[in-house]
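Note sheet for the following structure.
The values are calculated or read from the model by the stated rules, or taken from the named source; none is laboratory data. Note that the structure is predicted; figures quoted are calculated from it, not measured. Neighbour counts run over all protein chains shown; Cβ positions are idealised from the backbone, glycine included. Each accessible area value is taken on the protein alone, full model and side chains, heavy atoms only, with ligands, DNA and RNA left out. Shrake-Rupley method; radii C 1.70, N 1.55, O 1.52, S 1.80 Å.
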Amino acid sequence: MSARSDELKHNLAAVRSRIADAAASAGRDLDEINLIVVTKTFPLSDVEILYELGVRDFGENRDQEGSAKAPQMPADVIWHFQGQIQSNKLKSISLWADLIHSLDEIRHAMLIDSLSPGKSVLIQISLDTDNENRGGVKPTELQEFVNQLTTKTQLDLRGFMAVGPLGQAPLTAFSRLREIVKDFPKYPVLSAGMSNDFIEAISMGATHVRIGSQILGVR
Ligand SMILES: *Cc1c(COP(=O)(O)O)cnc(C)c1O
């Protein structure tokens, strides 16, 4: 085994064990929690090592990287796109991404639906409390967004995604997220939690955690 394989194996085991502890202390079934390893900025060789270690869910933020890596990996990999969406990249993203986490504009939903009817998507929710716009649908506009998405498209809406906002305690932000998504039990996926806040996200109901640096190292 190479030094890099050893390192990734060790980090992956550590993260898996922290996920198991977080699930246990939240009284949740470990099977409900899916680990997505975010490989953005890291080479295909790392993706291959992680695949050998049993990882099947990978996340990317940029079309350029995802479209290069995805075709080189076996078909049982599930590719997640969680980056900011640009319309001119959607045609390519729709080809390689199995689940798009970061949908926050109806015109993008309609475009995805025309390129790849029935594609699986999550709606990104903004948890920002200031006037910054770091992406995501405002909670007050979520019901209307869901109505439009489900009436105007055939997309397979699975649930919601959020990023822990800057300057807020993760537990506070994710507990608010949990209250927001309670109104939408038909869409049970909740993608929340990154390297620095996945424990809190799991305690507040995350079904998918997106972890990069704790496994791959700093970017
Ligand atoms: C980069 C990124 C991640 C992974 O972040 P880490 O802090 O490296 O775990 C997860 N989600 C999104 C949206 C990201 O941009």
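Partner lysines whose Cα lies under 30 Å from the Cα of K119, excluding those fewer than 8 positions away in the same chain, are identified as K40, K69, K89, K91, K138, K152, K182, K186. Electrostatic bookkeeping for K186 treats Lys and Arg as +1 and Asp and Glu as -1; over the other residues with beta carbon under 15 Å from its beta carbon, the sum is 0. For the chain, the fraction of 1.4 Å probe accessible surface lying on carbon and sulfur atoms is 50 percent. In the assembled protein chains, T41 presents an accessible area of approximately 90 Å² (probe radius 1.4 Å). With Cα atoms as the point set, segment 162-217 shows a radius of gyration and Dmax of 11.2, 37 Å. Considering helices alone, the calculated mean residue ellipticity of the chain at 222 nm is -12000 deg cm²/dmol, with DSSP H runs of length four and up weighted by -39500 (n - 2.57) and normalised per residue. When the chain is treated as a Gaussian network with alpha carbon springs shorter than 10 Å, the biggest mean-square fluctuation among L122, L142, L166 belongs to L166. Computed with a 1.4 Å probe over protein heavy atoms only, the accessible surface of segment 3-216 comes to 47 Å² per residue. Heavy-atom accessible area for R28, with the other protein chains in place and a 1.4 Å probe, reaches approximately 40 Å².
Based on the Cβ-Cβ distance of K91 and L53, what FRET efficiency does E = 1/(1 + (r/R0)^6) give at R0 = 35 Å, to the nearest 0.05? Once rounded, the FRET efficiency stands at 0.60. Relative to the 2.2 N^0.38 Å rule of thumb, the chain has a C-alpha radius of gyration ratio of 0.99. Taking one quarter of the surface of the C-alpha convex hull of segment 45-119 gives a mean projected area of 4.7 nm².
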